[in-house]
1. Ranked highest first by average number of other Cβ atoms within 10 Å, how do 105-115, 18-28 line up?
2. Select from 75, 175, 101 the residue whose mean-square fluctuation is largest in a Gaussian network model of the chain (Cα-Cα springs shorter than 10 Å).
3. Calculate how steeply helix 18-29 sits against the longest principal axis of the alpha-carbon atoms of the chain, using the helix alpha-carbon long axis, and give the answer as 0 to 90 degrees to the nearest 10.
4. Counting alpha carbon pairs within less than 8 Å and at least 6 residues apart, what relative contact order, in whole percent, applies to the chain?
5. Quick one: compute a quarter of the convex hull surface over the Cα atoms of the chain and quote it in nm².
6. On C-alpha positions alone, give me the angle between the axis of helix 193-206 and the longest principal axis of the chain, in degrees, nearest 10.
7. Return the tail of the calculated pair distribution for the stretch 1-76, meaning the percent of Cα-Cα pairs more than 16 Å apart.
8. Quick check: the distance between the Cα centres of the stretch 66-145 and the stretch 19-60, to the nearest angstrom?
């Protein structure tokens, strides 16, 4: 399938591992130059080395805390200076810890808002003007199935990620006239380090083994397994491609049929 992405520039946040790394790899495989950021500089450089070896594209790396608006501004400016354009941005950040409502502190609420909502705002503010100048752009957020179906013991994610959906819908309406498509991808249970952390927490609280926890999650989906990061990445790449040129303001779940609604 021709995606029309060759020569585009894709910014992928939180891309030193997991779905973010798989997404950067998938864009590079389509011929995109990629700019990747994460907090861990060593992991980021290892990821960049892997991408360059696989796809022979240009890769820009920068250690960035996505909750820091000034740092995000500097990163995007570096991308624009290096490549002359910013075509695609995937706003991604690690999820907040597993908590019930009364167990979550106000500080944890603030951190969840900064990490999982305001980080998307920071990136949108920085990349949209670059996209407007070319009358073409793709802004994609990465959240969770929790935007459609709240997950037990993930009150922080359930609440804060829903705000991202409101942002996506609003931006899609405001900037559609500029040729900018804005969408959200909501993965279900996906085999990442984040999922292993959640399994650890549930294993301790429920007195079950990690294998039992993973089996329960797999049973929730129609496909009876958890996702691979690349399966989520492929949907993100499709949304960025010319094949999805009339899709905007949507949340696409990549959950193997785990969502129970219509």
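1. Details: 105-115: 14.6, 18-28: 26.5.
Going from most to least packed, we get 18-28, 105-115.
2. Ranking 75, 175, 101 by mean-square fluctuation puts 101 first.
3. 30 degrees
4. Working: 505 pairs, mean separation 52.2, N = 262.
It comes to 20 percent, rounded to a whole number.
5. Values: hull surface 54.9 nm².
Quarter of the Cα hull surface area: 13.7 nm².
6. Taking the Cα atoms of the chain, the angle to 193-206 is about 10 degrees.
7. Working: 1228 of 2850 pairs.
Across the stretch 1-76, Cα pairs with separations above 16 Å total 43 percent.
8. 18 Å
Rule-based calculations on the coordinates, nothing more; no lab input. Here the structure is a predicted model, which is why all the values come from computation and not from measurement. Positions of Cβ are backbone-derived with ideal geometry, glycine not excepted, and every protein chain shown enters the neighbour counts.
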